Ligand SMILES: Cc1ncc(C[n+]2csc(CCOP(=O)(O)OP(=O)(O)O)c2C)c(N)n1
Ligand SMILES: Cc1ncc(C[n+]2csc(CCOP(=O)(O)OP(=O)(O)O)c2C)c(N)n1
Ligand SMILES: [Mg+2]
Ligand SMILES: [Mg+2]
């Protein structure tokens, strides 16, 4: 069937709730109104109040509550309405969700999923546009995935729900509905921890994730270069193998992400390439990223976001250095 | 005078409170009892209840309250008892403290200081040993400093208090009292944003900060290599100049930090070196860091922490690669 | 019960049990829904002030209507209207003084106008133009988009006023949804301990987006939460502008004297949460109709009529004035100079660190080289 | 006041004002400080259970004493004693059932022993040995070191029980200090909305390290905070083991029936916060002495004497038993297998990701190569 990303998410939630009655979903405005992005539309009608619940405006209680439910044996899938509102619950991730299994030596576990729309480009208010995957990717015990296609959105969310450990699913809301693509009707998992090669190539490796995949692919096309384009898909645990093998082949790399540059996840990719493929590098790795500033308010956000021309210039620099 | 790090901090607080009556300090147990590490000893007696205050157990209110006071014109220096208890207030850093000046286009500012003891090695309980400087260093608008000597502790804290913007001072508690060193009696600033070269050398550059400076220096000494040892001192804004110049000279680099490896601040240093000195590199940059796990409980923490033999092996690899 | 008084407040029930049934909070009303009132309860305001309140409520309503229309024409990002809450917004704002601070959440435009914010800047705010926030700060105003997150700032700023011995208070504007956040709890409790001059003004408009108050908390009122902080609370009919004014004035005075207070203003959001929201998905028309009958402007009109002041009100003239003001504000907003790339970097620090300087320089050079980048940058909607 | 009942609870005062003075929470006591009590108030416990309570309190006290000594000998990292809070810890723990969960903060050892935790594991816990936490989890116990952070987990787990229709509750143990955190607020409010079977048991021991209760909040009791969540609270004399038992049993029953409750147990920490703390820096001896006179064991002894049960208690024999148990536990703890490097990586994920596997392999190879690294790794203190 042809689905948008948000449709694919809705589909995955339907299937997994159907398949496993321990799965329940909750968050702000997800039940009665189907979610501010309609990602949870129809679920309350289908699965009832017990399994689809509107919570108070309480991010700490949502994330911590999910951890408690998961410890007890449920499979909670909680929504944080925008990723900019996950920071109030940061402590629940650091202190509990990510380390329940570790702390209790496997006696308990916390198979929870936090879904949250992230990233800029939808002309929303302050704090609605951030990308802190670098922060969450630094927390041991927490898995972090970022789908960029409807197929991956369904498959990765399905995998996240079935995963025995906590998974943060960061959903690129800019492209929630920007296109439809073929999505299998039956359920399936896309493996967490595996990057996807979107386009094979030999001249350079271009690595990106989330909404930035599309300006990236467009820049590659505009330039007509023979780039290998990698969609990271998972931030943690990182598939450094795919990245490193590609760079060994091409000898050149460019990373595109919308988060701030300094301390962003791009630096970890560079560090991995340094570790295992330094001697293959023919040029410094380029990063095309957000600037080291807060995401500007909506009138300026398109200055902030990487766009095809910026990416093209980056590619040219990598190719000519 | 000869001072420990914690003594130097206490000294800086005394001087700055003396010099500027807008400076006030607060936090849990900092007034009546002088702080769990005695960093604020004697201040309440000297400056009174209005300027030295015990707060409720409320990290959100401490950090957010500091931001509010700073917006209003005060110079709050708040203590978070252990850095493991800063995550509850993460949102106040991300959402407010770091962007008051930016949000209000310079009309307001938030010259607050958060002091917090960080790092492992004191045999404390869970959550008392983390190092999240990589996370805080990724937040635009927030400065992050990490002194490793009594002199820097006084000078950097003084600079932080006088700084017109918010500064997080991460104090390496493992070495709070492990040695004394000469500290000028009068007040002075150590510049925020400048690394210090602890030892000049030509064979490789070794970069570290906080408590890890000492095993690092010891490893260098044990091996008798001609290493240039850099104490980063400031995480944000990063002094990439000093790092890059050193690596251009030596062609080899090793980074030592106790935070988890993946997404730790070491990766940003590697990315900077990649940006500006890749072609000078004779070998991959090595990272000797904590593992990608939560800091173990006290019985195991010394497995986790980088030690001189681990650092020595790293140096050897860098030198022979 | 014990000689040294350590078990204080222990003269209560032997069971030590407490429940919300032990506490009937009541409701401050001056003008009842049917329009009746006791004259001696009416706050001591001059006739022109009484008329002024109406004018401001009408301004709030008109501003909201115009903004919603503007958004429908694609000239704003989104907008959150105060429709239905005019008495709550204006009654409270009218009780504040010039030197007071107001840190809010966006649904209190009129209270900000009362503090001197030009309409233009509220339009700029909803267009996502950074300078709007500067204009707010100039008048000691701020909007916090992260719900509830500003309460600790409120307490901090109020603490500053206390230390300064200032003649002012900080008013926190927030909603029923916000009351569930940890930040609101910590901010209020700390203010209580400090005795800081803060007024916590909670507009309980029955909804946090789609979530009704009954799902927000089991508590029957938010005013009763004050008890848990040892501060005082007032529950006021938020559709009765005189009652809100009185509650806020009382709270302001108490706060200034060192007793922060929590005011719960019981009202109803008659419009959508924001222009992106569709309330038919989660509430029924009969409820809306019920509250429509409690329209704050209608109620106050009946009061003014009873007082013989309605004749002083030239409804059409006010509307015309407000619309003219809005037209001028909109024109000023439209003329607002175009965005410039430096703005992204400006003011992040007192002094831009070298690496950021470099990012800016490189980006500007890029824009010179690749003017086609503007195809992606050019503003899609106005603002 | 209004035809459709939307302004509910509005039959209260016209002023809408509410303050803690409107609510006298009272205090549940069964045995008064002077030892008097009304027989009909005594919970229906068998004589051997009544004696058992004493035995457990003495166990708590003895365990705490032994642990403090152990720490002084350098055989523990640090330790937080329950000295003075024995009635609060044991009375509450005694009311829990086997299937109940208990998520605490460390100052409730005896309640965990009551749930079946071996003493050995509490020693291991304070030695920072990971397996202690496994043994706790096996018995549905957990200690959260980050104060207050566990309350949302409590609510979540209780919600799970509710969905399961389980015959159990989750008991949250936390302190007066914790009550100021946002996590506690959100956890309790959400539990109220859910009607989840959670009991929030707050040991108000008057201090959070050095911070006295008066600086923690302006509220006169924490029990009254329940009102703000629309749940019920009980304020109980925490030095009266029978009263605490009764309060907790009552709260447990209500929680199971879908009404979560907050119990404030008013007690006093007679010892230091932990072995790293020195209370003389922040409180005076006369206060300690006052509370020493309310020693929970003494009070309960006088009750047992009045009931003619004291003769059943062989104090020396209990002490000997407990000390033997402690000796055995200590020996087991000492014999506990030495730490192994894998433990750091074990259980972080159900399946170790490749990069972590590699970190482990490399680290082991390093340890083989450089056995001198053990000079830095070898445990400095025991544990
Ligand atoms: C911390 C946080 N969580 C979620 C949101 C998304 N959000 C914006 S407004 C809102 C509801 C706010 O309700 P309330 O506090 O009652 O104010 P009202 O909108 O009714 O005036 C939500 C959930 C947010 N802005 N911040
Ligand atoms: C979030 C957090 N902040 C600070 C600390 C440090 N700390 C440990 S115990 C404690 C006081 C706790 O007081 P209370 O909740 O009353 O429990 P008590 O120790 O009195 O039993 C503090 C501040 C912590 N562990 N967690
Ligand atoms: Mg609301
Ligand atoms: Mg306490």
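One table, with the values for the structure above:
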read-out: Residues being away from chain D (no Cβ under 14 Å) and part of a helix (DSSP H, G or I) - total across the range B:38-60; value: 2
read-out: Options A:57, A:86, A:125: the member that is within 16 Å of ligand 1 (Cβ to nearest atom), within 22 Å of residue C:151 (Cα to Cα) and surrounded by fewer than 23 Cβ atoms within 10 Å (Cβ to Cβ); value: A:125
read-out: Every residue from the range D:205-217 that is more than 9 Å from chain C (Cβ to nearest Cβ), buried (at least 24 other Cβ atoms within 10 Å of the Cβ) and not in a loop (DSSP other than H, G, I, E, B); value: D:208, D:211
read-out: Options B:171, B:126, B:130: the member that is within 16 Å of ligand 2 (Cβ to nearest atom) and more than 14 Å from chain A (Cβ to nearest Cβ); value: B:171
read-out: Residues satisfying the stated conditions in the range A:292-321, i.e. assigned to a loop (DSSP other than H, G, I, E, B) and either at the interface with chain C (Cβ under 10 Å from one of its Cβ atoms) or modelled with pLDDT of 95 or more (or both); value: A:292, A:293, A:294, A:295, A:296, A:297, A:298, A:299, A:300, A:305, A:306, A:307
read-out: Subset of the range A:20-37 (residues that are more than 8 Å from every other protein chain (Cβ to nearest Cβ) and outside any loop (DSSP other than H, G, I, E, B)); value: A:23, A:25, A:26, A:27
read-out: Count of residues meeting criterion [in contact with a helix residue (DSSP H, G or I) (Cβ under 8 Å, 6 or more places away or on another chain) and away from ligand 1 (no atom under 16 Å from the Cβ)] in the range A:21-31; value: 3
read-out: Qualifying residue in the range D:239-258 (condition: under 25 Å from residue C:194 (Cβ atoms) and either within 16 Å of ligand 2 (Cβ to nearest atom) or at pLDDT below 95 (or both)); value: no
read-out: Single condition residue B:56 does not satisfy, out of (1) more than 25 Å from residue C:181 (Cα to Cα); (2) within 12 Å of ligand 2 (Cβ to nearest atom); value: (1)
read-out: Filter result for the condition that a residue is within 15 Å of ligand 3 (Cβ to nearest atom) and assigned by TED's automatic domain parsing to the domain that holds residue C:160, over C:301, C:287; value: C:287
read-out: Flag for residue C:82 being assigned to a loop (DSSP other than H, G, I, E, B), within 14 Å of another protein chain (Cβ to nearest Cβ), within 16 Å of ligand 1 (Cβ to nearest atom) and at pLDDT 95 or above; value: no
read-out: Check on residue B:95, away from chain C (no Cβ under 13 Å), buried (at least 24 other Cβ atoms within 10 Å of the Cβ) and either assigned to a loop (DSSP other than H, G, I, E, B) or without any contact (Cβ under 8 Å) to a residue 40 or more places away in the chain (or both); value: no
read-out: Qualifying position, being touching a residue at least 24 places away in the same chain (Cβ under 8 Å), surrounded by fewer than 24 Cβ atoms within 10 Å (Cβ to Cβ) and over 16 Å from residue A:117 (Cβ atoms), among A:3, A:45; value: A:3
read-out: Candidates D:191, D:158, D:178, D:172, filtered to the one that is touching a helix residue (DSSP H, G or I) at 6+ places or on another chain (Cβ under 9 Å), within 9 Å of another protein chain (Cβ to nearest Cβ), modelled with pLDDT of 95 or more and within 16 Å of ligand 4 (Cβ to nearest atom); value: D:178
read-out: Of residues in the range C:94-146 being within 16 Å of ligand 3 (Cβ to nearest atom) and touching a residue at least 60 places away in the same chain (Cβ under 8 Å), the one nearest to the other protein chains (Cβ to nearest Cβ); value: C:105
read-out: Positions within the range D:250-285 being in a loop (DSSP other than H, G, I, E, B) and over 16 Å from residue D:208 (Cβ atoms), in sequence order; value: D:257, D:258, D:259, D:260, D:275, D:284
read-out: Residue selected from the range A:150-169 under the condition crowded, with 24+ Cβ neighbours inside 10 Å and under 11 Å from the mean Cα position of the chain (by Cα), by the criterion farthest from residue D:356 (Cα to Cα); value: A:153
read-out: Scope the range C:34-53; condition touching a helix residue (DSSP H, G or I) at 6+ places or on another chain (Cβ under 7 Å) and not in a helix (DSSP H, G or I); matching residues; value: C:35, C:37, C:42, C:43
read-out: Those helices (runs of 4 or more DSSP H) lying entirely in the range C:113-195 with at least 2 residues within 16 Å of ligand 2 (Cβ to nearest atom) and surrounded by fewer than 24 Cβ atoms within 10 Å (Cβ to Cβ); value: none
read-out: Some residue of the range D:268-288 being within 30 Å of residue C:224 (Cα to Cα) and away from ligand 1 (no atom under 16 Å from the Cβ); value: yes
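To keep it simple, each residue is scored yes or no on (1) in contact with a helix residue (DSSP H, G or I) (Cβ under 9 Å, 6 or more places away or on another chain); (2) on the phi > 0 side of the Ramachandran plot; (3) in contact (Cβ under 8 Å) with a residue 24 or more places away in the chain; (4) crowded, with 20+ Cβ neighbours inside 10 Å.
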position: D:253; (1), (2), (3), (4): no, no, no, no
position: D:264; (1), (2), (3), (4): yes, no, yes, yes
position: D:315; (1), (2), (3), (4): yes, no, yes, no
position: D:331; (1), (2), (3), (4): yes, no, no, no
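Here is a yes/no grid of residues against (1) closer than 18 Å to residue C:287 by Cα; (2) more than 9 Å from ligand 1 (Cβ to nearest atom):
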site: C:171; (1), (2): no, yes
site: C:177; (1), (2): no, no
site: C:190; (1), (2): no, yes
site: C:195; (1), (2): no, yes
site: C:204; (1), (2): yes, no
site: C:207; (1), (2): yes, no
site: C:213; (1), (2): yes, no
site: C:226; (1), (2): no, yes
site: C:235; (1), (2): no, yes
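The values are calculated or read from the model by the stated rules, or taken from the named source; none is laboratory data. Only a predicted model underlies this, so the values are computations on that prediction, with no experimental measurement involved. Glycine gets a Cβ as well: all are built from the backbone with ideal geometry, and neighbour counts include every protein chain shown.
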